[in-house]
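Notes to accompany the following structure.
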Amino acid sequence: MVEDLVSKRKCLIEGLWNHPSGAKWCLEHTTVVDEAVTQVLDRVELSMGYLPPLAVVATGGYGRRVLAPYSDVDLTLVPLDESVPHLDDAVRSIFKGLHQAIHGELGLPVSYAYRLPADAPGLDVVTRTGLADARWVAGDRNALERLQQELRETLQIGPFILEKIEERERQMNQRGAVPDLIVSNLKEGAGGLRCFDVVNWIRFALDEEPLEVTSEIETILTARNLLHAASGRRSDTLSRTMQGQICDRLGVDLFEWLSELLRSLSQNHAGYLTELSQLGKRTFELLPDVLADNGVVIIGECAALSDAIQAVNQASKLGLEVAPVLVSSTKVGSGSQMAQALLAGASCIESLDRIGLLDEVLPELSACRYLIPTDSHHDFSVYRHTLESLNHLHSLANRGGVLGELYHGVRNLSTLNLALILHDVGKSDVSKPHAEAGAEVAEALCRRWRLDTAAHQDVVWLVRHHLEMAFILRMRDPSHPETAKEFATFCGSLERLQMLTLLTWADISAVSSHSMTPAVESFLLDLYASTEALLVSSLEDNKVSETVLRKPRRRSSTDNAELEQFLENLPAHYLLTVSPDIVPFHLDLYKKSHDEPQVIFERLGEGHASEITLVVPDRPGLLSDALGVIYAYDLSIHGIRAHTTASQPKIAIDSFVVTFRGNEVPTGTANEISRVLKVIGQRPGHVDDILRRQRKDPSRKQQILNVRFLEGSPGILEVRAPYGRGLAFRLSRLIAENGWNVVSARVGQWAGQGAAAFYLEDSGGGQLLASQVEAAMLAKV
């Protein structure tokens with residue numbers, strides 16, 4: 001019974017003070033929660049008389065069996081087959097039982113996920129990491145084994161390892177960059193438990209056995225268990241106050257206890273660094289046809305150029321050498337990925353040159369290696385000037401003020417970066433002005449790389465007009481109102497003004513050590529400011545309540561019956577994809593949406609992502625239109641939760657986790673997207689105009705690698721496709737054009753692959769046939 005487990009957990013926590021323990025205590029605590037999960041599934045099976053084939057899986061620290069007294073219990077439900085009868089009923093019963101047993105009775109925070117094996121190709125690194133620790137707890141083991149097989153087959157080792165290392169560095173910079181801090185974060189600080197976790201995640205990716213718990217990890221786990229027990233809550237920062245309380249209760253010397261802990265943190269950190277240094281002694285696939293072998297990266301002759309550039313960047317970050325490329329590749333691969341990889345700047349270009357790939361990737365720039373500018377003010381050759389201009393541009397990442405804000409606010413930095421690489425290549429053609437010649441070269445390159453329309457047009461425009469702003473500074477009065485008015489008309493959009501301003505600043509700065517004077521920079525920024533004021537629409541037209549960007553207040557309802565009725569009105573997947581504390585907030589938006597569309601932006605975590613919540617009356621094509629807006633504004637989608645209420649009037653409750661260049665969406669962009677989403681909620685078809693205004697082609701076809709439809713009510717459309725920001729939009733539009741209803745959806749993309757699962761019904765709520773759906777999808781791509 002759960003009551004017995006509650007008592008056992010209480011005794012475990014109290015016993016910590018008599019017998020402090022780390023891994024052994026966590027294992028016993030994990031076993032208590034395992035028993036609670038097993039009891040819930042037994043009761044569900046008994047009440048239903050049948051349990052559909054699904055697995056309840058422990059992930060995260062719970063999966064690793066290091067569950068501290070108040071750690072989150074991370075659970076994932078994995079169905080073997082979503083088309084089996086009664087799965088929806090089982091999921092609802094399991095959710096309610098687990099929430100009551102773990103959160104209600106044991107008093108532990110619990111989070112849920114719902115994963116299909118078909119989701120694997122599109123899962124991001126965070127989700128993959130949690131599933132790397134997946135451990136079967138109850139239900140059908142085959143479901144988990146199938147998911148793990150798919151995860152292994154779709155894992156790209158190099159990108160996974162690199163992302164885990166970079167994530168660890170970010171955490172240590174935020175939580176404590178050195179292990180011998182008196183007040184330390186036992187989980188994410190330098191030398192904390194996460195260092196040990198990352199080592200084992202790297203070993204997982206390399207298919208190696210994990211390390212056993214060391215004496216240092218035992219000491220840190222024990223300290224963390226005591227910290228939780230003393231504070232009565234989840235906590236990882238060992239403050240001076242808590243240090244004193246723990247040592248007083250244990251009856252030990254504070255300085256001796258803390259000294260031993262710092263020794264363990266330092267040695268664990270040293271072990272982490274040693275493990276990273278050993279990467280050079282391993283052999284693994286970095287990318288398709290790119291092998292890391294004993295510290296040397298070997299790019300195969302079949303590797304696409306886009307993979308080769310990414311391999312160069314990854315090798316640099318991992319401390320690996322890249323072998324010279326003996327066989328030139330003629331396969332471009334993904335032009336957008338090439339442009340993104342070149343954001344590494346001058347170091348990437350120099351590495352490509354060193355291994356013999358620059359002539360293949362950027363022959364236009366390579367031709368300028370020894371080209372001397374005719375302008376005597378230049379200190380460098382055209383090639384070196386280009387590299388210096390890239391250095392200046394990316395130095396703004398660490399600069400404040402207007403220029404720093406502009407740099408971080410540019411929607412497509414890769415487009416600006418590529419234009420800067422190409423801005424002077426036209427100087428190799430002396431028959432015409434170099435800006436004109438350069439634009440022709442840029443046009444040819446964009447076609448060769450098959451860049452999307454917006455990036456293509458912007459690169460060519462920036463190269464063609466890269467001297468325009470400098471000309472105005474020299475020949476016109478930047479402060480005169482007519483100058484700004486003419487320049488605003490010339491730029492046409494705020495985005496182009498921003499990119500041209502940054503390109504001009506970097507270009508002038510790289511001419512010589514004294515070319516960008518304080519006066520020139522001041523004139524440049526004055527011209528930008530006055531032009532910006534003319535391009536920005538009136539504040540009243542664009543203004544959205546400032547609460548759009550604040551973290552919404554999670555309201556708890558006193559009317560449990562109303563909450564229960566609301567949940568019964570939503571599909572079972574809603575229960576497993578939405579945190580319980582958010583449900584009252586959604587209920588509030590649901591009630592307001594009957595009067596006007598509701599759009600909320602929310603910062604997630606530490607500001608590295610944003611979540612958009614859209615609650616509006618549902619209509620055919622609504623999800624497609626919302627995804628079109630997200631695509632139009634160049635946001636990357638990391639997750640979609642799309643749900644529709646069952647009763648009339650049907651209300652869509654859609655949430656999108658998005659980033660802008662790897663971070664949260666800037667305030668101005670969020671305000672504009674919020675305004676547009678409210679409009680498209682009421683105006684079908686308007687999204688095409690928005691896409692064209694943002695220079696996106698709404699009719700662009702979507703390449704599809706694989707389609708499978710699982711019949712059911714609803715049925716599940718599983719799609720695998722190449723990476724692309726417009727993937728979710730184009731797939732949802734295909735669905736809308738066929739007149740099918742999207743009940744729910746999951747879309748993910750990572751490491752060059754995309755996957756989607758759409759839960760579909762026909763227009764009347766009936767079932768669809770696999771042959772019908774698969775034929776219709778493949779006929780339109």
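With respect to the chain, whose longest principal axis is taken over its alpha-carbon atoms, helix 622-632 is tilted by about 50°. In the assembled protein chains, Thr237 presents an accessible area of approximately 70 Å² (probe radius 1.4 Å). Within the set of other residues whose C-beta is less than 15 Å from the C-beta of Leu406, count the net charge using Lys and Arg as +1 and Asp and Glu as -1. Surrounding charge for Leu406 is -2.
Looking at the chain, the accessible area is 42 square angstrom per residue; that uses a 1.4 Å probe and ignores ligands, DNA and RNA.
Just the protein heavy atoms count here, and of the accessible area of the chain at 1.4 Å, carbon and sulfur take up 50 percent. All Cα-Cα distances of segment 122-224, cut into 5 Å bins from zero to the largest, leave 2, 11, 19, 20, 19, 13, 9, 4, 1, 0 percent in each bin in turn. A convex hull fitted around the alpha carbon atoms of segment 651-781 yields 122 Å³ per residue. Helix 727-737 axis versus longest C-alpha principal axis of the chain: approximately 80°, rounded to the nearest ten. For segment 406-447, the C-alpha radius of gyration sits at 1.31 times the compact-globule guess of 2.2 N^0.38 Å, with N the residue count. Figure note: Lys317, Lys8 ranked by solvent-accessible area, largest first, 1.4 Å probe, ligands and nucleic acids not counted: Lys317, Lys8. Here each label is just a point 7 Å from Cα along the line to Cβ, and for Lys591 and Arg233 those points are 2.8 nm apart.
Oblate is the label for segment 612-695. Its Cα gyration tensor axes, ordered a ≥ b ≥ c, give a/c of at least 1.5 and b/c at or above a/b. Look at the dipole of the chain built from charges on Cβ: of Ser674, Phe585, Ser732, the Cα furthest out on the positive end belongs to Ser674. Summing Cβ point charges (Lys, Arg +1; Asp, Glu -1) relative to the Cα centre of segment 74-169 gives a dipole of roughly 220 debye.
Between 0 and 90 degrees, rounded to the nearest ten: what's the tilt of helix 481-491 against the longest Cα principal axis of the chain? So the inclination is approximately 70 degrees.
At an R0 of 30 angstrom, the distance between the Cβ atoms of Arg476 and Ser636 translates into a FRET efficiency of 0.15. Dividing the convex hull volume of the alpha-carbon atoms in segment 396-518 by its residue count gives 124 Å³ per residue. Put simply, the Cα atoms of the chain extend 87, 68, 52 Å along their principal axes, the longest span coming first. A simple spin-label model places the labels of Ser83 and Leu563 3.7 nm from each other, with each point 7 Å out along Cα-to-Cβ. Between Arg263 and Glu208, the C-beta separation translates, for a Förster distance of 22 Å, into a calculated FRET efficiency of about 0.20. Gain on full extension, evaluated as 0.36 nm per residue between Asn173 and Ser381 minus their Cα-Cα distance, stands at 71.0 nm.
Taken about its Cα centre, the chain carries a charge dipole of roughly 620 debye when the Cβ of each Lys and Arg holds +1 and the Cβ of each Asp and Glu holds -1. Taking the empirical scaling 2.2 N^0.38 Å for compact globular proteins as reference, segment 452-498 has a Cα radius of gyration ratio of 1.23. Anisotropy class assigned to segment 582-639 is oblate, per the alpha carbon gyration tensor with a/c at or over the 1.5 cut-off and a/b no larger than b/c.
Going by the alpha-carbon gyration tensor, a ≥ b ≥ c the square roots of its eigenvalues, is segment 327-459 rounded (a/c under 1.5) or, if a/c is not under 1.5, prolate (a/b greater than b/c) versus oblate? It comes out rounded by the Cα gyration axes.
Over the C-alpha trace of segment 276-378, radius of gyration and Dmax come out as 14.8, 51 angstrom.
The values are calculated or read from the model by the stated rules, or taken from the named source; none is laboratory data. For clarity, every value in this text was computed on a predicted model and none was experimentally measured. All Cβ positions, glycine included, derive from the backbone under ideal geometry; neighbour counts span all protein chains shown. The accessibility values were calculated without ligands, DNA or RNA, using every heavy atom of the protein model including side chains. Shrake-Rupley method; radii C 1.70, N 1.55, O 1.52, S 1.80 Å.
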